[in-house]
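Please treat every number below as a calculation from the coordinates, not as lab data. Computed from a predicted model, the values in this text were never measured in an experiment. Note that we place each Cβ from the backbone using ideal geometry, even for glycine, and neighbour counts take in every protein chain shown.
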Amino acid sequence: MKRLFSILVIAAIMVFGGLTANATSNVNAFTANVTIVQEDDGANAGAAEEKESLGFHQELKKRFIEGGAGFMGIVLLCLILGLAIAIERIIYLNLSTTNSKKLAQNVEDALNSGGIEAAKEVCRNTKGPVASIYYQGLDRADESTDAAEKAVVAYGGVQMGQLEKNVSWVSLFIALAPMLGFMGTVIGMIQAFDKIEAAGDMQPSLVAGGIKVALLTTVFGLIVAIILQIFYNYIIAKIDSIVNDMEDASITLIDILVDYKRRK
């Protein structure tokens, strides 16, 4: 009986020891797997963080370099020249903006108090095309109202030409940038098909790089066109606003001269 009990105790110890060993090995294996998974997740997270930390400008720079210096350089040149002209026009147009109602009131007050020369002096001290038109009209006021009106109309056309100066170049770059991008795409596709023809086999890896470069030129060409189009529309709207002020100011000036000569 004691022997049987001893055998049972030894068997129970062996079974318990085996279960403990298996459990320990399973726990160790599970811990190792968790550690590997955590390391993989950490590596993936690090890669994701590195990709996110790359930033928009760095990603744009990377894609620009991948697109090649040929067509990308020309597209970038279109952007630089277009922005330079657009910024110059915006500065010029903002400096040309005048408070037409205030100017008309000052000219009328000077005309009633000091005559034509006093009104012309007000125009000399005021910047902008409206003041220049007023000056030309007042300079012909001694002749007749019709002569003053003709001078205002003629000089208004000159001032409009000054406002629209170099704006056509911006529209040219807007059209040219996507065209260059499409040309780069077509050339890249031709090169990709040349590689297929030379290899005699249709392999995606053979042409994927060329197609990606070709599409990047189109993307950057469209980006340049969109940026310049925004500036172009602002410039056109600003020119239209100034031209409307010039037309209203011209009518106001003729009315002021008619009233002045009537009182005189």
Subject >> Neighbour-limited loop hits for trypsin sites (Lys or Arg not before Pro), region 134-186 (at most 16 other Cβ within 10 Å; DSSP other than H, G, I, E, B) >> reply: 165
Subject >> Mean Cβ neighbour count within 10 Å, used as a protection proxy, ranking 212-224, 91-103 highest first >> reply: 212-224, 91-103
Original post:
Can you give the FRET efficiency for residue 168 and residue 263, using 1/(1 + (r/R0)^6), R0 = 41 Å, r = Cβ-Cβ distance, to the nearest 0.05?
Top reply: 0.35
Original post:
Between residue 211 and residue 117, 0.36 nm times their residue separation minus their Cα-Cα distance comes to what?
Top reply: 26.8 nm
Original post:
Among rounded, prolate and oblate, which fits region 88-174 when a ≥ b ≥ c are the square roots of the eigenvalues of its C-alpha gyration tensor, a/c under 1.5 means rounded, and a/b larger than b/c means prolate?
Top reply: oblate
